[in-house]
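The values are calculated or read from the model by the stated rules, or taken from the named source; none is laboratory data. Keep in mind that this is a model prediction, so the values were computed, not measured. Neighbour counts are summed over all protein chains in view; Cβ atoms, including those assigned to glycine, are modelled from backbone coordinates with ideal geometry.
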């Protein structure tokens, strides 16, 4: 399935927003902020929850917290992984 230019654009925006949201606050706050940002773009709790699950399956809580505290840097593929997760979740739903 080809992704349209407009879909690519908002996925890139969402990925960039997701990094900032994942790096702020505590665990439950991070999820809440991620869901708010995601839902403002996708308008689907199911897709956003799916994407959150994929991200947190790959990056455990302690690593996300370490990124938040500046003790760890986001991996080079983080944005790509987040965008890919969103695409997979949209296909699954």
I'd like to know if region 19-34 contains one or more residues that are at pLDDT 60 or above, in contact with a helix residue (DSSP H, G or I) (Cβ under 6 Å, 6 or more places away or on another chain) and closer than 13 Å to residue 82 by Cα.
yes
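In region 71-81, what count of residues is obtained for those that are part of a helix (DSSP H, G or I) and modelled with pLDDT of 90 or more?
The number of residues fulfilling the criteria is 2.
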Any residue in region 38-56 that is at pLDDT below 85 and crowded, with 18+ Cβ neighbours inside 10 Å?
no
Need pairs with beta-carbon distance below 9 Å; first residue over 18 Å from residue 84 (Cβ atoms) and within region 56-68, second crowded, with 17+ Cβ neighbours inside 10 Å and modelled with pLDDT of 80 or more; sequence gap 6+ or separate chains.
67/59; 67/78
Here's a check for you: in region 58-70, which residue that is in a helix (DSSP H, G or I) and touching a helix residue (DSSP H, G or I) at 6+ places or on another chain (Cβ under 9 Å) is surrounded by the fewest Cβ atoms within 10 Å (Cβ to Cβ)?
61
